[in-house]
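Let me begin by presenting the structure, written as structure tokens, before commenting on it.
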Amino acid sequence: MSMTLEAYKELEAVVGERNISNKPWVLAGNRARTPEYPFEYHSPDAIILPGCTEEVQEIVRICNRHRICFVVTVSGASVDAYANRGDTVLIDLRRMNRIVEINEEDRYAVIEPGVRHVQLYPELRKKGFTYVTAAVGPGGSVLANYTSTSGDNHNQHGASRANRYLLGVEMVTPEGEILRTGSLQTGSGWFCPDGPGPGLRGLIKGFFGSHGQMGIITRAAIALNPCKGPREIRTEGHSPHQHIYLDSECSKVRVFNYKSLDDVREAMLRIGEAEIGSTVMKFFYLTLAVMMTDSANEFHKLWPRIRRELPMPLVVHLATESPEEMAYEEGILNDIVEETGGVRIAPDLENWWNEHMDFFMVVSVLQRTLRLGGGWMPIKLGADSVSHIVEVGKSISEFIYDYTDTGKIFDAPENFQIVPMEYGHFAHIELLFMYDRTDPNSGKNVAEFRKTSRYTDLKHHYHAETLGCLNETTELLGPLYCNYHLWMRALKNAFDPENLANPILKE
């Protein structure tokens, strides 16, 4: 351990003996994201659990005095939320898990980093509200999705990404100052992100988020949407054999299969022009097969059928205010699908969606992607116009067969999703691939596949991977994004001149 005893004692005085540890077996459990990722991590020198903003501030100031790097984490769902060098303390925010306020009049909720979707969503639904819920499963941190990571979700066709709903923010800067943005800074409340007061939403979140490189968010307010569905959701059984029923005439899921991405693009654009639907997405067919089954054996039985019948599924969720509006939207949808060559899938497969699709998220089953026990990883995660993203999807065939045909990754070459946003004004792509983590060459294969994907984007000048924090990917692709890497480095140097806050870039 390289952290001095003096520094450790100072940190211990802030949070108490129970909320800090440097024991090897504790550190060992906090140095890897999940076992299937083929990355080597350093052990942090200590892990510390603050309970409030002021404790976070004092921890950061101690780290500055002793030149200790710090990395913030809460749910562990990011590869960047772990130590990547020595002289690092891991700041775990799970104790800060309070829903501070639900303001029903101005429609916002104030939350701390440890608040999970499974905690916030039911409370809001009881009050007739909902929010855009990132597609990370019920255990993900709401605040992290809104402030520091992607925030893409399955209903952003009829709504948008999490960054559009971020309001006031309380943040500890890398030098230990408390910064409050928008109306919060003037004592006017949490309701406005940009004024009066400093409007720093672009710096804090931008499109993707900086993964803690610009500071530690300790509280944030998010805007709420009215919930169109029933406040109480009827469930049956227990996970993993749980079914969800929306007792409403205002919720229907329709799933169609298409023969080409061009036809999918046309359908997406037409549905967006009509401004119907809550969810529209070309979904992952491999991921769908995993989510629909309860075991690896069941998956392998279903997978051949999914691959045969749903090579390119388009999922549409209609969520309306009245049965009359439902009939209107369904009529338009049927016309569009018929004119664009879509075919409705078999009822037993479509019914699965009706039993698991909430008005604003797919609940309780996303974590099933881990069930096969192998390795998996999402890449690209970019956004641009629907047409541009469809071209990105087509380009995947240029390189992926070299990996699927040789067994380096699972043979599912079209396992990518495209989700339009804000009625088709732009769209998000995510390529999710699986591999055998017991293969001693898996790390090499994964690195090679990711590199090949990025260089394909460079060759075509595609905006296929979203940039956030400073890392090697940002340096490589930054010139495609108006020299984003140069602007981000200048901001990082201004906010964190000692490069202590999640210093991902190698020095």
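Bear in mind that the values in this text are calculations on the coordinates, not laboratory data. This is a predicted model, so every value here is computed, not measured. All Cβ positions, even for glycine, are placed from backbone atoms using ideal geometry, and neighbour counts span all protein chains on display.
Placing dummy labels 7 Å off each Cα toward the beta-carbon, the span from Asn334 to Glu448 is 5.2 nm. Of the residues Asn145, Ala296, Ile59, the one whose Cα sits farthest toward the positive end of the charge dipole of the chain, with +1 on the Cβ of Lys and Arg and -1 on the Cβ of Asp and Glu, is Ile59. Taking the longest Cα principal axis of the chain as reference, the axis of helix 386-395 is set at about 90 degrees. Compared with the dominant Cα axis of the chain, that is its longest principal axis, helix 117-126 is turned about 60°. Might you report the magnitude of the Cβ-based charge dipole of segment 40-180 about its Cα centre, with Lys and Arg at +1 and Asp and Glu at -1, to the nearest 20 debye? Taking the Cα centre of segment 40-180 as origin, the dipole is about 340 debye. Take the Cα of Leu491, step 7 Å toward its Cβ, do the same at Tyr245, and the gap between the two points is 4.8 nm. Is any residue of segment 192-225 close enough, with backbone N under 12 Å, to a label point placed 7 angstrom from the Cα of Val100 along the Cα-Cβ axis, and if so, which? Answer for segment 192-225: 217-222. Normalising the average separation of contacting C-alpha pairs (under 8 angstrom, six or more residues apart) by the number of residues puts the relative contact order of segment 240-460 at 28 percent.
Ordered by the count of other Cβ atoms within 10 Å of each Cβ, fewest first, Trp352, Trp25 give Trp25, Trp352. Shape annotation for segment 240-460: C-alpha extents along the principal axes are 58, 42, 25 Å, from largest to smallest.
Would you list Cys63, Cys52, Cys482, Cys227 from fewest to most Cβ contacts within 10 Å?
Cys482, Cys52, Cys227, Cys63
Using only side-chain charges placed at the Cβ, +1 for Lys and Arg and -1 for Asp and Glu, the dipole size of the chain relative to its Cα centre rounds to 1020 debye. Using 0.36 nm per residue and subtracting the Cα-Cα separation, the extra length available between Lys259 and Ala13 on full extension is 82.3 nm.
Rg of the Cα atoms in segment 160-202, relative to 2.2 N^0.38 Å, amounts to 1.13. For the chain, the fraction of C-alpha pairs farther apart than 32 angstrom is 43 percent. Pairing the Cα long axis of helix 323-340 with the longest principal axis of the chain, what angle in degrees results, from 0 to 90 and rounded to the nearest 10? Roughly 80 degrees, rounded to the nearest 10.
When the scattering of segment 5-92 is computed by the Debye formula from its Cα atoms alone, each counted once and equally, what is log10 I(q)/I(0) at q = 0.13, 0.16, 0.19, 0.22 Å⁻¹? With no solvent term, the Cα-only Debye profile gives -0.38, -0.57, -0.81, -1.07. Net charge in the neighbourhood of Lys126 (other residues with Cβ under 10 Å of its Cβ; Lys, Arg +1, Asp, Glu -1) is +1. With the contact rule set at Cα under 8 Å and sequence spacing of 6 or more, what percent relative contact order holds for segment 279-350? Across segment 279-350, relative contact order equals 33 percent.
Extension gain for Asn297-Ser2 works out to 101.5 nm (0.36 nm per residue, less the C-alpha to C-alpha distance).
Calculated on C-alpha atoms, the gyration radius of segment 111-255 divided by its Kirkwood radius gives an Rg/Rh of 1.02.
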